Structures are given as C-alpha cells and as structure tokens.
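Data block below; observations after.
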Amino acid sequence: MGAGLHFETQEEIEKIQEDAPNDPNSTGQDGQKEPPCEEEGGNPKKRKTRKVSSKYWKYFNQGPTDEDGSYYAICKYCGNKYLQGQQRGTSSMRNHIEKGCKKFPRNRRDALQKMLQAAKTAEGTELIPWVFDQMKCRKALAIMVIAHEYPFNCVNHYYFRLLLNELQPSFKIPSRTTVRADCIRFYEEQHVTLYEQLGQLTCRFSFTSDLWTNKGRDRGFMAISCHYIDEKWILRKRIITFVPLPSPHTGKHLAEAFYDKLVLWNLDKRAFCLVLDNASSNDACITELFATTPIQDDLPVDGKVFHQRCGCHILNLIVQDGLSVLKDEISNIRDTMKYIKHSQGRMEKFKLACSQSQIPFKKPAWDVPTRWNSTYLMLVLALELKPAICRYGNIDKRYANMFKWDEFKWDEVECLVGHLKVFYEATLKLSGTKYPTLNLFFPEFADVYLNIKRMSSSPYPFIVQMGAQMIAKFDKYWTIGNSLLAIACVLDPRCKLYVVEYYMKELCPEQCANFMANLRECMKELFNEYVQENASDEKKARVSKRQKTSAVAGASGSATNSRAALKDYIKERRNTEPQKSELDDYLATEVDEASVDEDFDILAWWRLKSPKYPILCQLTKDILAVPISTVASESAFSTSGRILSPARSSLNDESIEALLCAQDWLRASINENGEKIGEPLWNIEEGGGIEE
C-alpha cells in the first residue's frame, strides 16, 4: 500500500465494510439517500434518489438533515463529522480516511497476511512466515537497552530513529519514559520467573556479598550473588539484588539487609554458605545474623561451615605484606611508567628506544597499588622492556637525571617476579566463576605456603624478610579457616583424603593426625544430616502415597494393596539395618587416576555417580557450588560504574537494580561469542509481550 488507500478489488472494500461499526440508521452504498430539497414556496419537493458513486461513503454514516439541506457525514471508526450537502464533494471524507483517521484499519491486510522472511537453519536457508508485532519490537528494544547499557534517551537520537524507520516504518518509536517502563517491566517479569525456578530446585544455595560506594552519589550499595548447581549439574550464578545501603555500614545493618533479601527470595531456609571478604564489619555481620535472625536453625551442622572467607582477598593481604619490603624499587618502576606515558613526545622517544634495543614496542602501564596482581603484571612488563628502559635514559636527559637505572637492582626484581608467579597463578584459578573453585583452594593454598617456606633459604635478604612477613599473615588466616575447604578437596575424586593428608604433613606434621580425625568427624556429621533429611522426605512421600492408596481403595471398596505395603516395609527395614554408608564407600575407593587432567570436569564425574551415591551427590552439589572468592559480586561493581556514569547519575534506585540484575540474567544464557549456552529466562515469542 502506498501513501494513500488504493483498493484493487471490490472484495477488499466489502471486507472492510463488514468489520466497520454497524449503525441501524445508516444506508448502504446503493441505498444512500440525498437530502430533500425545497421549492421556492417552502414546500418540500420529492426528488428522485440519486445513487452515490463515491466509495468513501462505505466508511461514513449520514447524520440528521438540516432545513437548508445540509447534513453531516459521521466516520464509523472515530466519530469525526464532515459537513455535506448539495454541491459539496467528498474530498474531506477521502482525506480523512486516507490520512487523518487514526482508528481506520490501514494495516488490515498486513495483520492478516504474513510475509516470508529468509532465516538460517541447520539445513541451510529457508523461508519462514513473519508478521510485524509492535509489542515484541518494544520488548526487544528494552532487552537491547539493558544488555548493552544504552541510555533510555537513545530512542531520541536522530540517526537511531532514522534506522528504525528504514527497517520498519510501521514501528512506533516509544519515548524514553516508555523505554524505562518497559525495562522495569521486563525485570519484574524475569524476577518472577527466576523466583519460580529457584523454588523448584532441591539444592541449597550459597551467597557472596560485597559493598561498593559510588563517588558521584557518596552512597553505598550492596550486591548479593546466588550460587547453586542445578538438576543438570551445571554451576549457576545470579545477582539477586543490588540495593543502596545507608551509612554506617555496621555488622547490624549488613545482617538486616542480607537477611531481608533472603526472605524476599524465599531462600532463608535453604542457605548453605556465605562468602565475604576479611573486613571486620563482615565478621560482625555473621555474629548478628546468628544472634538476631533464625537463619542458624536451618543451616547444616548448626552453621559451622556457613561463613567462608574470600580466598583471593587472603592472598592479596599476604602478598601486600611481602611487597612492602621492596616498595622503593616498585615505586621507581611505577613512576617510570607514568613518566614515559605522560606525553606523546615521550612515547615517541620510547618507541625509538625499543627500536634501538631491538625489542617489540609495548605501551607502558602502571598498577593499582591495592591490587597486587596488577603490580605483578607491571613488573613482568618492566622486565620485558628492560633494555628499552635503560636505553631511554640516553635519549631523554631529564629522565636520566631523575632515574638512576644503572644502580637499579634488576636481579632482585626478577627474583621477586619468580616468587610472585605462584601467587598469581593461584589467584587466576581461584577467581573463576564458571567452574567449582572451593575444591581447588586447599591444594593451591598449601602450594603457596610451601613456596613461602622456600623463601627462607633464598640468597637475597629481602626475599627472606618478605617470606617471614608472609608466614605471619598466612598463619593468621590458616588457623581461622573452617574445615569446609578440606571437605571440598576430599570430594574431588582426584584428591580424596590422600592429598589433604600429604599437605598437612608438609605444613604442620605435629597437627596432622588430629586434623585428619576432626576432618573425618565433620564429614560424617554433615553427611548424616543429609541422610536424615532424605529419610524424612522419603517418609513423608510414603505416608502421602499410602493415604492416597487407602483413599482410592476405600472409594472402590477393594482391599489395600498388601504387596505395596510389604515392599515399603522391606525398604524401611533395609534402611534401618547397619550397612556401609555412601561416604565410607566413596572414601574406600581408590583415587581416580584417569581423571588427573587439566580438562577434568568434576561436575560431570559426580553427575555420572549420582545413581550410586544419591545422598552424597546432593551434599557434593551444595559444597561445590560455594565460590572461594567474592569475584562474582565484585563484577557487578564494574557494571554499576558504567550504569551510574556521570551522564546517568540521575537514575533512581529502582532503575539501577533493574538494569544491573536484568543484564546479569540476560548474559547468563550467552557466552563470550554471543551464542546461547542455555535456555534464557526471557522469551519474546511466549513472554506475552509488553502491555501498554
């Protein structure tokens, strides 16, 4: 259809006429009456009814006729009136239908007849039917704004509107307030969907939490991430809340905010572990949770394994104490990187130095002093650029006067980097979010400790001093660690009790026997609780089944099924008789040497063993879901920093939480290549659309 209406056949006209609002006082096209005319004497004179030839009378009703013979043509769709009568044409009626009437079904033919669209499938390209839907397009626009962190007013950008008009002229571009409302509505829909999905799972949930302060608002925000392993043995992570937290950030306020959110998501009775960093307020938070809330009553082993410290934060504190010994050399390298990158002229001179030293040019970069891993990367870069840095002093005389690289101890820096490599590799492994990390912490932490002990025999005095300071910090956090770290290592089929026993003999041989005995006792206590929970659930299921069977038998007048009751009795007696538990059977088997592989998938291994160890697998699922670091919560802060940029600092708290959480849920089903890795929470086709 072009700019106006051009009906090709009479059938199309009749089709629209059938759906037009009916008026009992209106007449058809062939029976349209002309208004009566009067003679000079005032007496009405009957005139022959003239057939109306204009097709636009199909869409209008005739109003009452005035004395002068004029009358109104009333639109059947919107009710607009146009004066008609003798010597008056139908151009006003035509213009109204073709351009002015907002309720006229211009797109009726498009709405009824689908178009063919080329789509790529597994078998190639094929044509599929497609029809334009305004609500689906609005929902897709809201998803785009959330996923790519676009501002709400992007719909007001001229060239964006030009693009949408060229792609689909029928799409009515919403305003920025409508886009915001669509984003909030999408978040609320997915909130309900995720709530229902979590409620259907049988596992327990672990959490990470951290605080972030926005400099522009001088306000603190609390992020809480939920971690669990679903029925398909896939590790999942979802940010469930990002809310403002008023000052002061005391343990009481943290505990209240955390518990309130758990109750909101109905997860307060299904919690397993909470991972926090080593701030004193977080220790007070755990104390307040146990003292002022009933959460401890529903925790396994009375909450003995509930609080877990962030392993990466512990490593950061240990290394930061050690790096203080060589702070002057590190500061010298940091200042050099800043000096060279300060201006374009210095960068050109440094490129010349790299060329003369015959090494590839790399841009200088300095570290974040509070992040030791960035310090390590800066030192590695400095060693790679060492010839160019030394050569640069011959090109830039001002630099040569400021930095005396001839006296710099490069060998000490190289030795330091060699020792820090162990810490860096351990941090990379423990910072993962797509695979279990709790089972990796014990052996990685033990390797770090053995590396620190080897520092005491170094020929460099500063390395010996650095090792002594690291040992003191290491012993502090090793003594306050709970046994969950060792249990997770035991549940790794590549390790079991052998790896824990080996490292304990290396770390503290005098405490090895006592530690292993306590470890076995804690594992049995934790496993027995899961056995009791499983037995209680089975008993409730049997009672419910017997009641249903009895009711059916009573209604039909037949006797109860004695064979079914006998089977239940035999199963119940078998469960009460002493026998080898799943835990004992697992520990008695040998280490799975075939699984000693870098690509070993521990979740796939336990999924295959679930028929053999059903209860132990449930315990393992809850333990392996515990992250060893708060990286998952801290990652929300990089997103929030972009969302709360200076250009978007006026966003309210509701919009901030909706944008951040919805973006996390969207990205959970998409991998780094932009491909779907699972069933998304959202579905444009089946989501019901966004209502006006």
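The values are calculated or read from the model by the stated rules, or taken from the named source; none is laboratory data. What you see is a predicted model; the values in this text were computed from it and never measured. A quick note on method: Cβ atoms are made from the backbone with ideal geometry, for glycine too, and the neighbour counts reach across all protein chains shown.
Evaluation of CYS508 against the conditions (1) more than 24 Å from CYS310 (Cα to Cα); (2) free of Cβ contacts under 8 Å to residues at least 12 places away in the same chain shows that the sole unmet condition is (1).
Among the criteria (1) under 30 Å from SER669 (Cβ atoms); (2) out of contact with any Phe, Trp or Tyr (no Cβ under 6 Å at 6 or more places or on another chain), the one ILE330 does not fulfil is (1).
Within the group GLU189, GLU166, GLU149, GLU126, which residue is out of contact with any strand residue (DSSP E or B) (no Cβ under 8 Å at 6 or more places or on another chain) and farther than 30 Å from ASP664 by Cβ?
Matching residue, one of GLU189, GLU166, GLU149, GLU126: GLU166.
Of the residues screened, PRO443 is not one that is surrounded by 16 or more Cβ atoms within 10 Å (Cβ to Cβ), of a type outside the set (A, V, I, L, M, F, W, C), more than 17 Å from ILE318 (Cβ to Cβ) and in contact (Cβ under 8 Å) with a residue 12 or more places away in the chain. The residue list LYS237, LYS269 contains one member that is of a type in the set (Lys, Arg) and within 29 Å of ILE670 (Cβ to Cβ), which is LYS237. Under the condition of being touching a helix residue (DSSP H, G or I) at 6+ places or on another chain (Cβ under 9 Å) and free of Cβ contacts under 8 Å to residues at least 60 places away in the same chain, the residues counted in the stretch 317-336 number 3.
Counting only residues that are closer than 29 Å to VAL500 by Cα, give me the helices (runs of 4 or more DSSP H) lying completely in the stretch 369-465 with at least 1 of them.
On the way: elements: 372-384, 386-395, 397-402, 410-430, 438-455.
Those helices (runs of 4 or more DSSP H) span 372-384, 410-430, 438-455.
Of the residues making up the stretch 514-526, those that are loosely packed, with under 12 Cβ neighbours inside 10 Å and either aromatic (Phe, Trp, Tyr) or over 10 Å from SER483 (Cβ atoms) (or both) are ASN514, ALA517. Of the set (1) touching a helix residue (DSSP H, G or I) at 6+ places or on another chain (Cβ under 9 Å); (2) assigned to a helix (DSSP H, G or I); (3) surrounded by fewer than 20 Cβ atoms within 10 Å (Cβ to Cβ), all apply to TRP212 but (2).
Looking only at the stretch 312-331, residues that are over 15 Å from MET470 (Cα atoms), at pLDDT 85 or above and surrounded by 17 or more Cβ atoms within 10 Å (Cβ to Cβ) come to 1 in all. Please specify each residue of the stretch 134-152 satisfying the condition of being under 20 Å from the mean Cα position of the chain (by Cα) and charged (D, E, K, R). Scanning the stretch 134-152 gives LYS139, GLU149. Note on the stretch 114-152: residues that are in a helix (DSSP H, G or I) and in contact (Cβ under 8 Å) with a residue 24 or more places away in the chain total 14.
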